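Structure, as structure tokens:
The values are calculated or read from the model by the stated rules, or taken from the named source; none is laboratory data. Remember, it's a predicted structure, so these values are computed and weren't measured experimentally. In this analysis, Cβ positions are derived from the backbone assuming ideal geometry, glycine residues included, and neighbour counts consider all displayed protein chains. Areas reflect the complete protein model, heavy atoms only, side chains present, ligands, DNA and RNA absent. Shrake-Rupley method; radii C 1.70, N 1.55, O 1.52, S 1.80 Å.
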Amino acid sequence: MKPLKNDKWLDDVISKAISTQTPPFDFDKWKQKYPEEFQTLVSPVEKGTPAPTASEQNIWRIIMKSRITKIAAAAIIIIGVFLGIVFMGGPDMASVSWAEVAQKVEQAQSFMYQIKMTMNGRMMPEMPEIKNKEMEISVIVSAEYGMKMETSSEGKAMQQMYIIPRENAMIMIMPEMKKYIRMEFDEEMLEKMKKQNQDPRYMVEELMKFEYTELGRNTIDGIEVEGIEVTDPRFGGGMFDSMVTQLWVDVEEGLPVRMEMDITQNKGQMKMHMVADNYQWNIDIDPSEFEPIIPNDYTAGPSMKIPKMNEETAIGGLKKFLELTGHYPEKLNLMDMVGEISKIKKEEEKQAEEKPLQIGNEKLVAIEVMPENISPEELKKLMERNRETMEHNKKITEEIMKKAERTMAKAKTTMEKFKDHDFDAEMNKMMTEFMPVQSLGMFYMTLVQEDKDPAYYGDTVGQDDVDAVLLRWKVADDEYRVIFGDLSVETVSADQLAELKN
Amino acid sequence: MPVFGDDSPAVTEISEKSLVETALDGEPESFRILCQRYYASMVAVAYSVLADSHLAEDADQETFARACCNLRNLKRKDKFPGWLAGICRNVAKDMLRTRSTQFNTNNMAMVEDKPQNDCCINEAVWQAINKLSDSAKEVVVLRYYNGLSYEKISAVLGISKGSINGRLTRAKRKIAKYLKQNGFPR
């Protein structure tokens, strides 16, 4: 950078305006003013905060830097912070130095930011339409204590989520239902995270594979920023139809100022706009902020284990989908899979509603319609049959009514209890049906993000196609892992793969 | 740990990492050295937020108190100055919020302390500094408030000397432009 003309004059002027001589620091006076704080140094074992163990520290740092933790609501923090941060470097950006940014990110012990989301449309075909649904999320993260995320809509608290690294657990509190759910991490999953995330620059290298467009300079809230735009949907692990992300970085600080995302899903029927801003770095942390406060009248939902994301669980997900739908998913996009299961469930419910009323093995019988040009004798017989049918139906209807009355009375007395059972039953159902499918979707998402050349042929391959490739991904330069139609697994060379049918 | 004079080569050569580690081992002398080493820098950091030298000194004392309590949580011990500066910034911002102090030329003791004939240009310089971004303001104050070296600023801000030079040059360019627009030098 060129030196300024008349630099000496300017130096003198600035010096005159602001220079001073700070008096030396009087440590003894300070000790007197802060005796308790000083004592933490002198007798750290007695009064100091116990240092977290190495594993506690590592786990959270790993979680902080991981793309895999997109599961559940943790996704937002990862998308909002890490995917954002890691995009800010690059060889062509004039003023933002990646090395500097990486260093700062590595040093960040704590930070907070806010997200505002607006949603419109249907997330999945069978879901109700959402109109201008706005959600506000505030996130606070500490490398030591974990993460707290509070979601509200129209000023009403919807959900609080805590990640507690020392317990390897996530806790979600749902004020509307007066419920909370505890979800535990799997050790194996954490190990996987460790391997993938020991070096934060690894993530950057991976993410920088996506092409980006430079948006030039702008000013946000008086801060000079530089922006880039990424349009590759793989950025979101292929989870959405389209995803356009703009990241604006403070030119001087080299830290994100704002990130905007425009997402479409369900063939354009769902649109989501997300703005993450108000980033504050290295803030003071009050550990009590990260301790979930669960009111006494809240009850625990079923505890859940966050599923693994590996080949084994992917196969489990394929089996579950097959069991639920009778075929493999057409695509391994998580949204589409959940949408397809929901659709089938809805059809089943509809069919159940359309079934003829029945008690025991007795069914209501339809009355015969009188055909044209019927003879008097046939008419007489038909009327006789219909009279018998009506008597039969009357008898069954009376029994159905009696049974319904008894059921209603029982339901009335157990209504409150029923509510809880219903909730727990729903959660259990989700665990048994959706979790394996979610694992499958998340596994595929990581394959996409890690650029492991995954390919999936569920639209043409069925369980009888024992030799056909259902899913494959790269495991080494010349090696692919293949899941066949019968869900058997094999590692093959690139040449062998070319010979396999799909 | 033996007690040395603060400017003795033996003390200046002790790394932040060693000082933090020995302080954590219950040796307060190490923490004293750290405080004295970074006191002026932290006062400047706080001053860039508070624009009041007395408040900045108070903020600095509070910073050391918080650092004392949280020292055990510092993982990269060699990054102590940057970590301390982060705490200091937060303390100063908290004070600014509670005391509703505005960063403007009206409450700058420094301006008032200068001779009358310097006041106009001093005010103009402060107005120009006030228009800078927080990070630019901070680097200018660090450089000129206590005359800190690039090396020390680099340690405190956790950025390279080249980046400091770049930030300073850009900031000074803006200050010069502002002064020129306001008729300086007269």
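I'd like the full set of residues that are open to solvent by 40 Å² or more (accessible area, probe 1.4 Å) and either facing another protein chain (nearest Cβ under 9 Å) or not in a loop (DSSP other than H, G, I, E, B) (or both), limited to the range B:134-154. Result: B:Asp134, B:Arg143, B:Gly147, B:Tyr150, B:Glu151, B:Lys152.
Looking only at residues in the range A:160-177 that are surrounded by 19 or more Cβ atoms within 10 Å (Cβ to Cβ) and touching an Asp or Glu at 6+ places or on another chain (Cβ under 9 Å), the one that is farthest from A:Thr299 (Cα to Cα) is A:Pro165. B:Glu27 meets the conditions (1) touching a helix residue (DSSP H, G or I) at 6+ places or on another chain (Cβ under 7 Å); (2) within 11 Å of chain A (Cβ to nearest Cβ); (3) modelled with pLDDT under 85 in every case but one. The failed one is (1).
Does the range A:327-335 include one or more residues that are among the basic types (Lys, Arg), under 30 Å from B:Gly158 (Cβ atoms), open to solvent by 40 Å² or more (accessible area, probe 1.4 Å) and over 18 Å from the mean Cα position of the chain (by Cα)? Checked against the condition, which is being among the basic types (Lys, Arg), under 30 Å from B:Gly158 (Cβ atoms), open to solvent by 40 Å² or more (accessible area, probe 1.4 Å) and over 18 Å from the mean Cα position of the chain (by Cα), the range A:327-335 yields no hits at all. Candidates are the residues of the range A:262-295 that are closer than 15 Å to A:Asp241 by Cβ and among the aliphatic types (A, V, I, L, M); the one that is farthest from the chain's Cα centre (by Cα) is A:Met270.
Here the condition is being surrounded by fewer than 21 Cβ atoms within 10 Å (Cβ to Cβ), within 14 Å of another protein chain (Cβ to nearest Cβ) and modelled with pLDDT of 80 or more; of A:Pro292, A:Pro200, A:Pro287, it holds for A:Pro287 alone. Scanning the range A:224-267 for residues that are touching a residue at least 60 places away in the same chain (Cβ under 8 Å) and within 23 Å of A:Lys343 (Cα to Cα) gives A:Gly238, A:Met239, A:Phe240, A:Gln265, A:Asn266.
Candidates are the residues of the range B:44-81 that are facing chain A (nearest Cβ under 7 Å) and touching a Leu at 6+ places or on another chain (Cβ under 7 Å); the one that is most open to solvent (accessible area, probe 1.4 Å) is B:Arg72. All conditions but one from (1) outside any loop (DSSP other than H, G, I, E, B); (2) surrounded by fewer than 20 Cβ atoms within 10 Å (Cβ to Cβ); (3) not aliphatic (A, V, I, L, M) apply to A:Trp473; the one that does not is (2). Yes or no: the range A:255-268 includes at least one residue that is farther than 30 Å from A:Ile130 by Cβ and either modelled with pLDDT of 75 or more or open to solvent by less than 30 Å² (accessible area, probe 1.4 Å) (or both). Yes. Looking only at residues of the range A:256-283 that are among the basic types (Lys, Arg) and in contact with a strand residue (DSSP E or B) (Cβ under 8 Å, 6 or more places away or on another chain), we find that the one that is nearest to A:Phe111 (Cα to Cα) is A:Arg258. Among the residues of the range B:29-41, the ones that are crowded, with 18+ Cβ neighbours inside 10 Å and farther than 15 Å from B:Lys79 by Cβ come to 7 in all.
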